[in-house]
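One structure is given here, and the rest of the page talks about it.
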Amino acid sequence: MAHQYHDAQVVDIIDETPTVKRYFLKMPGDFTFKAGQFVMLDLPIQAKFTNRSYSIASAPREDGVFELCIVIKPDGSGTPYIFENVKVGSIVKTAGPVGKFTLPENIETDLCFVCTGTGIAPLRAMLNDIYNKNLPHKNIYMVFGNRVKQDILYRKEFEELQQEHPEFKFLPVLSRETKETWDGDIGYVHDVYLRYFGEVKPVIFYLCGWSAMVREARDRLKELGYGKQELKFELYD
C-alpha cells in the first residue's frame, strides 16, 4: 500500500543522551494517532529504501505535535543523516500513523511493558495516554533494559510518575552496571518480568525493542502458557 507523505516541520530537538535525540515534529492540518503507532520518514539518502519507521514517543496532543526518540546507528544510512542534517525548522517527509501496537479499548488486566533502548518510545506514549486521559487501569509494570545508567531514557519522568501513582512500577534493569554502581536490578529484563509474572495470571505484555530480546521474551512467555492475546510485540533492528 502506498503511503501518502506530508511535510512535517521539526519544531524542537532535545539531546537526551550522547547517542539519542528527541525530535518534535508538527504535521500540517489535523494529525491524530493512537498511542503506540509509528510514522515513516522518507529521507534523501543513498539507499535501496529511503523510508525509515519510528515509533511515536509521545501521547496524542491537541496541537498535533508528536515526538520521535531516535538512537544513532553509526553504520546506518538513515540515523546519521537525521543527526547531521535535521535541525529545528527542517521539513521532513512524513507518512502515517501506522500500526496496531496499541492499547485495548478497555484495560481489564495488569499491563507489563518490557522494552530495551528506544523501544521505550511507544510504551511511553501509551503510559502517558493512560494518565493524560485518566483511562481506567490496573497495575502497570515497566521493565526497561539498558546497558548503563546514562542510557535510561525519560528516567526522571518515570520516577516521578511512580511516586504519584503507586500502581505504576518503574523497573529499570542494567546489564553493565554492578552492585557498587547501581542499586536497582542488574542483568537482563527476563529475570525481572518473570519475578512478577512467572506464574500465569491475567496480564497483557507489550514487548518492544531489540529483536533478540523480544523474541526471547515471547518464547519464554509462550512456554509458561501465555497466549497470543496476551503477547503484543514490536521488533526494532
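The values are calculated or read from the model by the stated rules, or taken from the named source; none is laboratory data. In this text, all values refer to a predicted model and were calculated from it rather than measured experimentally. Note that each Cβ is placed from the backbone with ideal geometry, even for glycine, and that neighbours are counted across all protein chains shown.
Which of the residues spanning segment 94-122 are closer than 19 Å to Pro166 by Cβ and surrounded by 21 or more Cβ atoms within 10 Å (Cβ to Cβ)?
Leu111, Cys112, Phe113
Among the residues in segment 21-40, are any under 13 Å from Gly96 (Cα atoms), crowded, with 19+ Cβ neighbours inside 10 Å and among the charged types (D, E, K, R)?
No - not one qualifying residue is present in segment 21-40.
Scan segment 1-26 for residues that are of a type in the set (A, V, I, L, M) and at pLDDT below 95 and jot them down.
Result: Met1, Ala2.
Applying the selection to segment 89-116, what residues are in a strand (DSSP E or B) and basic (Lys, Arg)?
Once the filter is applied, which keeps residues that are in a strand (DSSP E or B) and basic (Lys, Arg), segment 89-116 yields only Lys93.
Can you report the number of residues in segment 15-41 which are assigned to a loop (DSSP other than H, G, I, E, B) and either among the β-branched types (Val, Ile, Thr) or out of contact with any helix residue (DSSP H, G or I) (no Cβ under 7 Å at 6 or more places or on another chain) (or both)?
Matching residues across segment 15-41 total 11.
Could you grab the pairs with beta carbons closer than 6 Å, sequence gap of 6+ or different chains, first residue in segment 222-237 and modelled with pLDDT under 95, second one surrounded by fewer than 17 Cβ atoms within 10 Å (Cβ to Cβ)?
Taking only residues 6 or more apart or on different chains, the pairs are Leu235/Ser211.
With respect to Lys87, is the statement that it is surrounded by fewer than 12 Cβ atoms within 10 Å (Cβ to Cβ) and either touching a helix residue (DSSP H, G or I) at 6+ places or on another chain (Cβ under 6 Å) or among the basic types (Lys, Arg) (or both) true?
On the way: surrounded by fewer than 12 Cβ atoms within 10 Å (Cβ to Cβ): yes; either touching a helix residue (DSSP H, G or I) at 6+ places or on another chain (Cβ under 6 Å) or among the basic types (Lys, Arg) (or both): yes.
Answer is yes for this residue.
Need pairs with beta-carbon distance below 6 Å; first residue part of a loop (DSSP other than H, G, I, E, B) and within segment 42-71, second among the β-branched types (Val, Ile, Thr); sequence gap 6+ or separate chains.
Leu43/Thr50
Residue by residue, here is whether (1) without any contact (Cβ under 8 Å) to a residue 12 or more places away in the chain; (2) within 23 Å of Glu16 (Cβ to Cβ) holds:
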position: Leu111; (1), (2): no, no
position: Val114; (1), (2): no, yes
position: Leu127; (1), (2): no, yes
position: Lys149; (1), (2): no, yes
position: Leu153; (1), (2): no, yes
position: Gln162; (1), (2): yes, yes
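Go over the candidates Lys201, Lys138 one by one and state the one that is surrounded by fewer than 19 Cβ atoms within 10 Å (Cβ to Cβ), farther than 16 Å from Ile120 by Cα and in contact with an Asp or Glu (Cβ under 6 Å, 6 or more places away or on another chain).
Lys138
Regarding Gly145, is this residue small (Gly, Ala, Ser), under 21 Å from Asn128 (Cα atoms) and in contact (Cβ under 8 Å) with a residue 24 or more places away in the chain?
Values: small (Gly, Ala, Ser): yes; under 21 Å from Asn128 (Cα atoms): yes; in contact (Cβ under 8 Å) with a residue 24 or more places away in the chain: yes.
Answer is yes for this residue.
If you go through segment 209-218 one residue at a time, do you hit one that is among the aromatic types (Phe, Trp, Tyr) and either surrounded by fewer than 16 Cβ atoms within 10 Å (Cβ to Cβ) or in contact (Cβ under 8 Å) with a residue 40 or more places away in the chain (or both)?
yes
Return the residues of segment 78-88 that are aliphatic (A, V, I, L, M) and part of a loop (DSSP other than H, G, I, E, B); say none if nothing qualifies.
Matches in segment 78-88: Val86, Val88.
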